[in-house]
Amino acid sequence: MKNKLCYLFVFDGYSDWEPALAVAGLQQFTDFEVQTFSLDGKAITSAGNLTIVPKLSLAELDTADLIIIPGGAAWSEGKNREITPFIKEALGEGKTVAAICDATLYMASEGFLDNIRHTSNDLGLLKDAVPSYKGEANYIQKGAVRHQQVITANGTAGVGFAHEIFDQFGLLEQNEDFAFWFGFFHKPEFAALK
């Protein structure tokens with residue numbers, strides 16, 4: 001029985017490949033149930049031209065253990081800011097928020113990255129795209145970074161992003177089958193688990 005909840009935010013043009021490994025692992029091997037949501041609950045079309053019918057709208061969300069925010073051009077266009085009150089509330093409750101690629105621009109624009117270690121696609125790009133960004137001293141040039149309850153990753157680090165999510169909850173140590181499966185994608189961590 002699933003007793004933890006992960007919300008995956010989906011929107012027109014979201015980068016569907018970025019959270020794919022993380023959500024597949026969570027849904028197949030853990031006690032997390034993954035539920036998609038969009039702003040209005042209506043169908044969206046991903047960057048890969050996949051039609052997704054979300055389970056929920058933003059207004060229907062409850063508390064979740066994990067919220068995954070994928071990248072996509074919408075973030076650099078200033079869209080989707082309606083999710084900010086929900087993200088602030090989740091972080092205030094100590095829930096985990098994982099943002100990848102251009103979703104890190106959103107996190108920076110809302111000040112969520114100012115005081116924690118984080119990464120993004122590139123520090124220069126982050127500073128140019130988000131003039132209000134104040135977290136340069138905490139920026140780490142790495143594929144994926146986890147600090148406190150925030151996980152960030154660049155757009156090429158989908159495997160590292162998934163690993164940080166799984167590690168945040170100690171999931172690979174709890175399930176040998178899961179660790180074996182994930183080892184096909186993330187060899188260094190698989191070898192370390194043996």
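The values are calculated or read from the model by the stated rules, or taken from the named source; none is laboratory data. Small disclaimer: the values here were computed from a predicted structure and weren't measured. Cβ: placed from backbone, ideal geometry, glycine included. Neighbour counts: every protein chain shown. The protein model used for the area step is the full one, side chains on, heavy atoms only, and it has no ligands, DNA or RNA in it. Shrake-Rupley method; radii C 1.70, N 1.55, O 1.52, S 1.80 Å.
For segment 101-112, what are the residues that are hydroxyl-bearing (Ser, Thr, Tyr) and either within 16 Å of Val10 (Cβ to Cβ) or open to solvent by 20 Å² or more (accessible area, probe 1.4 Å) (or both)?
Tyr106, Ser109
What do you reckon, is Thr152 open to solvent by less than 50 Å² (accessible area, probe 1.4 Å), part of a strand (DSSP E or B) and modelled with pLDDT of 95 or more?
It is true that Thr152 is open to solvent by less than 50 Å² (accessible area, probe 1.4 Å), part of a strand (DSSP E or B) and modelled with pLDDT of 95 or more.
Taking the condition of being free of Cβ contacts under 8 Å to residues at least 12 places away in the same chain and either within 13 Å of Ala103 (Cα to Cα) or assigned to a helix (DSSP H, G or I) (or both), how many residues in segment 126-143 meet it?
Total satisfying the criteria: 3.
Is there a residue being at pLDDT 95 or above, of a type outside the set (S, T, N, Q) and assigned to a loop (DSSP other than H, G, I, E, B) anywhere in segment 161-168?
Taking every residue of segment 161-168 in turn, none turns out to be at pLDDT 95 or above, of a type outside the set (S, T, N, Q) and assigned to a loop (DSSP other than H, G, I, E, B).
Determine, yes or no, whether Thr104 is without any contact (Cβ under 8 Å) to a residue 40 or more places away in the chain and over 13 Å from Ala22 (Cβ atoms).
No, not satisfied.
Failed condition for Gly78, given (1) touching a Leu at 6+ places or on another chain (Cβ under 8 Å); (2) open to solvent by 10 Å² or more (accessible area, probe 1.4 Å); (3) not β-branched (Val, Ile, Thr), with all others met?
So the condition that Gly78 fails would be (1).
Considering only segment 6-29, I want to know if a residue exists there that is open to solvent by 60 Å² or more (accessible area, probe 1.4 Å), farther than 22 Å from Asn154 by Cβ and assigned to a strand (DSSP E or B).
No; the residues of segment 6-29 include none that is open to solvent by 60 Å² or more (accessible area, probe 1.4 Å), farther than 22 Å from Asn154 by Cβ and assigned to a strand (DSSP E or B).
Being hydrophobic (A, V, I, L, M, F, W, C), surrounded by fewer than 24 Cβ atoms within 10 Å (Cβ to Cβ), out of contact with any Gly (no Cβ under 9 Å at 6 or more places or on another chain) and closer than 23 Å to Phe169 by Cβ narrows it down to one of Ala98, Ala90, Ala129, so name that one.
Testing whether each residue is hydrophobic (A, V, I, L, M, F, W, C), surrounded by fewer than 24 Cβ atoms within 10 Å (Cβ to Cβ), out of contact with any Gly (no Cβ under 9 Å at 6 or more places or on another chain) and closer than 23 Å to Phe169 by Cβ leaves just Ala90.
Would you be able to tell me the number of residues in segment 155-181 that are over 20 Å from Ala90 (Cβ atoms) and surrounded by 16 or more Cβ atoms within 10 Å (Cβ to Cβ)?
Residues that pass the stated criteria total 11.
Conditions tested, residue by residue: (1) of a type in the set (Ser, Thr, Tyr); (2) assigned to a helix (DSSP H, G or I).
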site	(1), (2)
Val97	no, no
Met107	no, yes
Ile116	no, no
Val145	no, no
Thr156	yes, no
Trp181	no, yes
Phe185	no, no
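Taking segment 40-49, which residues are in contact (Cβ under 8 Å) with a residue 12 or more places away in the chain and surrounded by fewer than 18 Cβ atoms within 10 Å (Cβ to Cβ)?
Correct list: Asp40, Gly41, Lys42, Thr45, Ala47, Gly48.
Go through (1) open to solvent by 50 Å² or more (accessible area, probe 1.4 Å); (2) in contact (Cβ under 8 Å) with a residue 40 or more places away in the chain and name the single condition Leu56 misses.
Single failed check for Leu56: (1).
Yes or no, residue by residue, for (1) within 27 Å of Lys2 (Cβ to Cβ); (2) aliphatic (A, V, I, L, M):
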| site | (1), (2) |
| --- | --- |
| Ala73 | no, yes |
| Pro85 | yes, no |
| Lys95 | yes, no |
| Phe161 | yes, no |
| Glu164 | yes, no |
| Leu171 | yes, yes |
